[in-house]
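Working notes, beginning with the structure itself.
Since every read-out is calculated from the coordinates, none of them should be taken as a lab result. Note that the structure is a prediction, hence the values are computed from the model and not measured. A quick note on method: Cβ atoms are made from the backbone with ideal geometry, for glycine too, and the neighbour counts reach across all protein chains shown.
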Amino acid sequence: MTANKDVEPRPGELRVLHVEDNDLDAELVSQALRKGGFSPSVVVVQSAAGFEQQLRSHPPDVVLADYNLPQWEGMETVEVLRREGMDIPVILVSGALGDITAVECIKRGATDYVLKDGLARLPEAIRRALSEKHVLRLRLQAEEDLARKAEELTRSNADLEQFAYIASHDLQEPLRMVAAYTQLISERYRGRLDADADKFISYACEGALRMQTLIQDLLAFSRVGRAGVSSGLVECDAALAEVLLSLGPALRESGAVVKYADLPTVWANRSQMTQVFQNLIGNAIKFRGDEPPRISVHTEKAGDDWLFSVSDNSIGIAPENVEVIFIVFQRLHTRTEYSGNGIGLAICKKIIELNGGKIWVESTAGRGSTFKFTLPWHSPPERKLRDEEVTAPFPTM
Ligand code: ADP
């Protein structure tokens, strides 16, 4: 039989490379294997050179090695296999092997050991070694597959991001032309053609404007996480106060009340954190119910994270939609009901995940919602203060 490491042996067939200097012992081992249900093809070698040569020409399923040979030690087979990069179990078969030596051999890479006066145990030891090797190979294979898939996914995500960025960036220019000229046609020819023409031109104008806002949103989404966005310490109290200032008119018009206190300082990008608060509070106002908005922002420690909660008394979200709303351009209402393109929460999710956190919503339709997100609470290890962080922005007198 030609041994080939890529060909699986038939059940019971076993290619054995036996390192042994005693012919009788070698025969006893072969007998024990046959008794144990194997049809072994055994090659016996006595020297290191013979072992290496056989290993290369006829790779076995298992190596059996006497621990103490006159010329060399059975454990050297493990070194040779390692050097050759061959994953073949080595079972020491020895006249005497103390427990401590046995443990030492297994630590050094032997798979098992069997005493010569207990050869009945050998078939079982071989079966176990081969099955462990098989399981290990499957596990390594699965780990490799997983790592490769993760790498492919990262690459395809990066490609997709790059594509979305370039497409949205480059589409802006021609679209600006379309929007400008349809607008011009609308102004110059309104009332000079027939009623249908006026209607069609106004549809074209609306379509162009709408596409512009979609493309701008897509561009804003692609920009999150692109190179050049730096992180620093962000005082969330201050970031939220800035958001409330800019949302002032909407807050006043809706009669909203926003409560927050003692928000932490986190490691993130200031304008991105502002954007997260802006999107969440803006939504709480936009999707308000019959009552004026009641919004509260609070944080607590949760393991290694800060857990932020932004609660409102909005119209709420049905359970089947709590994940959909974080996908780009996914919305639950028509634009005539509520304005928007469905990009705000997708941006929040991207920002939070880029900063090592998670975002989700807990809500009951008609009974308000609580958007929750986490951010790591520990400060970053050993970082140098950048110039803009150490220089206080004093006004010049
Ligand atoms: P947009 O506000 O432009 O629709 P978002 O991505 O911010 O886009 O939100 C997606 C959808 O999630 C919204 O259309 C709305 O249906 C739902 N939503 C978001 N925030 C709230 C909220 N606070 N209360 C109820 N529904 C919300």
When you look at S156, is it of a type in the set (S, T, Y), within 30 Å of R83 (Cβ to Cβ) and part of a helix (DSSP H, G or I), yes or no? no
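Consider segment 312-329. How many of its residues are under 29 Å from the mean Cα position of the chain (by Cα) and within 26 Å of A220 (Cβ to Cβ)?
Taking segment 312-329 as the starting set, the residues that turn out to be under 29 Å from the mean Cα position of the chain (by Cα) are 317-329.
Imposing the further condition that a residue be within 26 Å of A220 (Cβ to Cβ) reduces the set to 317, 321-329.
Residues in segment 312-329 being under 29 Å from the mean Cα position of the chain (by Cα) and within 26 Å of A220 (Cβ to Cβ): 10 in total.
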Does at least one position in segment 333-340 carry a residue that is within 13 Å of the ligand (Cβ to nearest atom) and assigned to a strand (DSSP E or B)? no
Would you tally the residues in segment 322-332 being surrounded by 14 or more Cβ atoms within 10 Å (Cβ to Cβ) and either at positive phi or within 7 Å of the ligand (Cβ to nearest atom) (or both)? 4
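Identify the residue in segment 341-364 that is within 8 Å of the ligand (Cβ to nearest atom) and closer than 15 Å to A220 by Cα and, among all such residues, is surrounded by the fewest Cβ atoms within 10 Å (Cβ to Cβ). Explain how you work it out, then say what you get.
Of all residues in segment 341-364, those within 8 Å of the ligand (Cβ to nearest atom) come to 341-348, 361, 363.
With closer than 15 Å to A220 by Cα added as a condition, the list becomes 341-348.
Details: N341: 16, G342: 19, I343: 20, G344: 23, L345: 22, A346: 22, I347: 21, C348: 24.
Of everything passing the filter in segment 341-364, N341 is surrounded by the fewest Cβ atoms within 10 Å (Cβ to Cβ).
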Quick count over segment 20-50, residues being buried (at least 21 other Cβ atoms within 10 Å of the Cβ) and of a type outside the set (A, V, I, L, M), is 3
Condition test on V310, is it more than 9 Å from the ligand (Cβ to nearest atom) and crowded, with 20+ Cβ neighbours inside 10 Å? no
Out of the residues in segment 115-132 that are in contact (Cβ under 8 Å) with a residue 24 or more places away in the chain and under 35 Å from the mean Cα position of the chain (by Cα), which is surrounded by the most Cβ atoms within 10 Å (Cβ to Cβ)? A129
For residues that are closer than 18 Å to R252 by Cβ, within 12 Å of the ligand (Cβ to nearest atom) and of a type outside the set (K, R), tally how many sit in segment 288-300. 2
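May I ask you to say which residue of T182, T111, T213, T154 is of a type in the set (S, T, N, Q) and in contact (Cβ under 8 Å) with a residue 60 or more places away in the chain?
Details: T182 fails: in contact (Cβ under 8 Å) with a residue 60 or more places away in the chain; T111 fails: in contact (Cβ under 8 Å) with a residue 60 or more places away in the chain; T154 fails: in contact (Cβ under 8 Å) with a residue 60 or more places away in the chain.
Selected residue: T213, the only one of T182, T111, T213, T154 that is of a type in the set (S, T, N, Q) and in contact (Cβ under 8 Å) with a residue 60 or more places away in the chain.
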